[in-house]
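Enquirer: My questions will all concern the structure given below.
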Amino acid sequence: MEQKNLHVAVVGATGAVGQQMIQTLEKRNFPIGTLTLLSSERSAGKKVMFKGQEIEVQAAKPESFETVDIALFSAGGAVSKALAPEAVKRGAIVVDNTSAFRMDENVPLVVPEVNEEDLKWHNGIIANPNCSTIQMVVALEPIRQAFGLKKVIVSTYQAVSGAGAQAITELKSQAKAILEGASFTPEILPVKSDRKHYQMAFNAIPQIDKFQDNGFTFEEIKMINETKKIMHMPELEVAATCVRIPVITGHSESVYIEVEKDAVSAEEIKHVLKEAPGIVLQDDPSEQLYPMPADCEGKSEVFVGRIRKDLDRDHGFHLWIVSDNLLKGAAWNSVQIAESLLKLGLVK
Ligand code: NAP
Ligand code: 3JM
């Protein structure tokens, strides 16, 4: 990597994703000269540790981006819409973790293992896909390259940390209240800004993000549209059902796919995935080996197992895909994009 002392800003630095971004920048020894940490007024003045030093969090405003080279945004879509163009105007490259710009045709939507080349046509903003999309396309792309891909049907089992720091607190306090026989009032999940809130502890909620007019939730639509864009396959058939479960970290996905090529075996799919970048194959029924969220927390790879050929369809296969939603699903993918930008000489 080109060694520079870059000025990096993290917007949403006090959040579930932002905290992981700061830790990932430190772990990767990203070439930072100055780190600016931004939040809302609520957290301004808080201190966060980076490489053994305290950095004071500041309230984000347009002027915060003067002299910033790379800004990593994860403070919600409204903040990105308001401040990402301000950062670009001041010469920064923005890696945006929200859905604000993902489907904009002037904005590359990037998972480095899949479409790193798309970084070359960026116009200042690069979008980081939804967590559930990222871990799925890392596994789908090597299969597409080897055997072609026609259809994808995914059901997710998503962790509460994907809904932010308040959702983690809500799950923990609810579980405690239920075990102690105390009363509680759900206020955050499934969607803080929606009308109704439901019990998350000891439950499964088939709603992530708000409902659209077609009966799908926005999370499901994000998975569908983003997968087609990242893989450059507008014709790919994709359907998704997204479910929140009472796990703190690590999204799981049951994925049914149909490949183009005839007479492919499950062993061939396993072989391709074993060699693919960013993937750990964990698939041995004789040893009861398969991926689980409790094992993937804190790890940057995508874990794949339970690979089977469908019993009725020659082209059909089933997979189970698990990854840490805050790392490959968010913070690590963003820092990886920043590393790719440096590697490709795309940072001025
Ligand atoms: P979170 O734990 O609730 O944290 C939200 C962060 O945004 C906090 O640092 C908060 O600062 C900051 N913030 C809120 N309003 C702000 C404002 N007006 N100006 C500046 N900063 C503001 O949420 P999270 O889980 O970290 O997620 C943050 C965002 O990242 C989400 O809204 C989503 O768009 C995106 N995200 C993406 C993925 C992905 O799949 N790639 C996954 C999860 C989240 P305070 O401490 O001051 O409140
Ligand atoms: C994950 O703007 C907001 O309210 C944030 C909603 C949100 C998103 C999003 O749409 O950006 C919460 C959690 C995501 C995401 O990554 O798609």
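Here, each number is a calculation from the coordinates, and none is a lab measurement. These numbers come from a predicted model, not from an experiment. Glycine also receives a Cβ, built like all others from the backbone with ideal geometry; neighbour counts cover every protein chain displayed.
Enquirer: Taking 0.36 nm per residue of separation and subtracting the Cα-Cα distance, what length does fully extending Ala78 through Lys348 add? Numbers along the way, then the final one.
Expert: Values: separation 270, 0.36 × 270 = 97.20 nm, distance 2.72 nm.
Working it through step by step, the gained length comes to 94.5 nm.
Enquirer: Oh, and also: Looking at the stretch 106-235, what % of the alpha carbon pairs are farther apart than 20 Å?
Expert: Values: 4649 of 8385 pairs.
Result for the distance tail: 55 percent.
Enquirer: Suppose we keep just the alpha-carbon trace of the stretch 220-348; what are its Rg and Dmax in angstrom?
Expert: Computed over the Cα atoms of the stretch 220-348, radius of gyration and Dmax are 16.2, 54 Å.
Enquirer: Using 7 Å Cα-to-Cβ label points, what is the Met103/Leu236 separation (nm, one decimal)?
Expert: 1.6 nm
Enquirer: Cα gyration tensor of the stretch 1-118, axes a ≥ b ≥ c as square roots of the eigenvalues: rounded (a/c below 1.5), prolate (a/b > b/c) or oblate? Could the numbers behind the result be given before it?
Expert: Details: a/c = 1.57, a/b = 1.19, b/c = 1.32.
Oblate shape, in that a/c is at least 1.5 and b/c is the bigger or equal ratio.
Enquirer: At R0 = 22 Å, how high is the FRET efficiency between Gln212 and Ala165 if r is their beta carbon distance? Nearest 0.05 is fine. Each step should come with its number before you reach the end.
Expert: Numbers: r = 26 Å, r/R0 = 1.19.
Here the calculated transfer efficiency is 0.25.
Enquirer: Now, a different point. Are there GluC sites (Glu not before Pro) in the stretch 102-163 that DSSP puts in a loop and that have at most 14 other Cβ atoms within 10 Å, and which ones?
Expert: Values: sites: Glu105, Glu113, Glu116, Glu117; in loops: Glu105.
Qualifying residues, ordered by number: Glu105.
Enquirer: Sort all Cα-Cα distances of the chain into consecutive 10 angstrom bins from zero, then give the percent of pairs in each bin up to the one containing the longest distance.
Expert: Taking every Cα pair in the chain, the percentages come to 5, 25, 33, 25, 10, 2, 0.
Enquirer: Using a Förster distance of 30 Å, how high is the FRET efficiency between Ser173 and Ser40, based on the Cβ-Cβ distance and rounded to 0.05?
Expert: Working: r = 23 Å, r/R0 = 0.76.
E(calc), rounded to 0.05, equals 0.85.
Enquirer: Output the pairs from Lys4/Lys343; Lys120/Lys343; Lys27/Lys228; Lys274/Lys309; Lys261/Lys309 with a Cα-Cα distance over 21 Å in this structure; if there are none, say none. Walk me through the intermediate numbers first.
Expert: Numbers: Lys4/Lys343 12 Å; Lys120/Lys343 11 Å; Lys27/Lys228 32 Å; Lys274/Lys309 17 Å; Lys261/Lys309 13 Å.
Violating the 21 Å Cα-Cα cut-off are Lys27/Lys228.
Enquirer: Another question about this same structure. In the chain, what percentage of the DSSP-assigned beta bridges are antiparallel, given to the nearest 5?
Expert: Once the DSSP bridges in the chain are tallied, antiparallel ones form about 45 percent.
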